[in-house]
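Student: Next up is a structure, given as structure tokens.
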Amino acid sequence: MRKLFFIIVCLPLLSLSQENVTTFGIQLKPILPIKTFVDGPIEFNDLPYSGSLTSSTGYAFGMVIRRGFTKTLSIESGINYVRRNYRLSMAKIDSTSLMDETEFGFVSYNMPIQGLVYIKLADQLFMNASTGVQVDFYVSGTYTLGRDIEMTQTTWPHSRIGASYIANLGFEYRTERKGYFYFGASYSKPFGLMAVTRTTWRNDSAADYNQFIYLGGQYLTIDLKYFFHEKPQKKTKKK
């Protein structure tokens, strides 16, 4: 009965199975500025100075390598460019009322490794869930002036190399010859602090005012992936 079940149910799926398949792909991942999943809003109030930092829409893109071990289990890795974007505003309200703002981005690269589990929903449609870790490389800091040159911001990595937890859920449409098309969402959260931002209010006749803001670097993305078509690798028999 087990052999008959395999022939009837599993054999038609072999052409769309990822067993013994190593495939390459590309991905684009817009970062959603939903406050539950990103840095900010982070506010400070140290009279006469006050300010706020919020996350803006960012993005990530890169290449993906996937290796299928069984029809339901795969492992995925690759390398990605990530740009997190922020908006920073600051005010000095005493005898006068002055406000300024700036925008800046913080760039990193990451190399994830995660395990994937598949659930078949239709002949060519699959749902998958994955989890894993990634190594983060923070290449450099950033410096910008405020729009009215009343303030500046300087952001630098807390450490050049870090690590993050990643989780993903999505849907994949597999064709027999044109590859796989994927749509889903991912969440990434660094295990430690990502960066430090120093915002400085420039005073002409007094000492400059500095405020430090600490960035965690977590983000939520919409994932768009395409995997090129590859044939399963044949197992070689030992002589």
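Student: I'm checking my understanding of the structure. Among residues of region 18-53 that are hydroxyl-bearing (S, T, Y) and surrounded by 17 or more Cβ atoms within 10 Å (Cβ to Cβ), which one is modelled with the lowest pLDDT? Steps first, please.
Tutor: Of region 18-53, the ones hydroxyl-bearing (S, T, Y) are 22-23, 36, 49-50, 52.
From what is left, the residues that are surrounded by 17 or more Cβ atoms within 10 Å (Cβ to Cβ) are 23, 49, 52.
Details: T23: 91, Y49: 96, S52: 97.
Ranking the qualifying residues of region 18-53, first place goes to T23.
Student: Within region 100-155, track down each residue that is among the aromatic types (F, W, Y) and buried (at least 17 other Cβ atoms within 10 Å of the Cβ).
Tutor: F104, F106, Y118, F126, Y138
Student: Just give me the residues in region 90-99 being within 26 Å of P41 (Cβ to Cβ) and either charged (D, E, K, R) or surrounded by fewer than 20 Cβ atoms within 10 Å (Cβ to Cβ) (or both), in sequence order.
Tutor: Within region 90-99, A91, K92, I93, D94, T96, S97, L98, M99 qualify.
Student: Do we find that K189 is at pLDDT 95 or above and open to solvent by 90 Å² or more (accessible area, probe 1.4 Å) in this structure?
Tutor: Yes, satisfied.
Student: Further, regarding this structure: From (1) open to solvent by less than 70 Å² (accessible area, probe 1.4 Å); (2) in contact (Cβ under 8 Å) with a residue 24 or more places away in the chain, pick out the condition that doesn't hold for N203.
Tutor: (2)
Student: Within region 156-175, is even one residue touching a helix residue (DSSP H, G or I) at 6+ places or on another chain (Cβ under 8 Å) and over 16 Å from V82 (Cβ atoms)?
Tutor: Yes, region 156-175 contains a residue that is touching a helix residue (DSSP H, G or I) at 6+ places or on another chain (Cβ under 8 Å) and over 16 Å from V82 (Cβ atoms).
Student: Test each condition in (1) out of contact with any Leu (no Cβ under 9 Å at 6 or more places or on another chain); (2) closer than 19 Å to E172 by Cβ for L28 and report the one that comes out false.
Tutor: Looking at each condition in turn, L28 falls short on (1).
Student: Quick check: anything in region 128-148 in contact with a Lys or Arg (Cβ under 8 Å, 6 or more places away or on another chain) and more than 29 Å from M90 (Cβ to Cβ)?
Tutor: Yes: region 128-148 contains one or more residues that are in contact with a Lys or Arg (Cβ under 8 Å, 6 or more places away or on another chain) and more than 29 Å from M90 (Cβ to Cβ).
Student: Look at L73 and say whether it is in contact with a Phe, Trp or Tyr (Cβ under 8 Å, 6 or more places away or on another chain), aliphatic (A, V, I, L, M) and open to solvent by less than 40 Å² (accessible area, probe 1.4 Å).
Tutor: No: the conditions fail for L73.
Student: Which condition number in (1) open to solvent by 50 Å² or more (accessible area, probe 1.4 Å); (2) in a loop (DSSP other than H, G, I, E, B); (3) of a type outside the set (S, T, Y) is the one that G217 fails?
Tutor: (1)
The values are calculated or read from the model by the stated rules, or taken from the named source; none is laboratory data. None of these values were measured; they are calculated from a predicted model. Methodologically, a virtual Cβ is constructed for each residue, glycine included, from the backbone with ideal geometry; neighbour enumeration extends over all protein chains shown. These area figures cover heavy atoms from the full protein model, side chains too; ligands, DNA and RNA do not enter into them. Shrake-Rupley method; radii C 1.70, N 1.55, O 1.52, S 1.80 Å.
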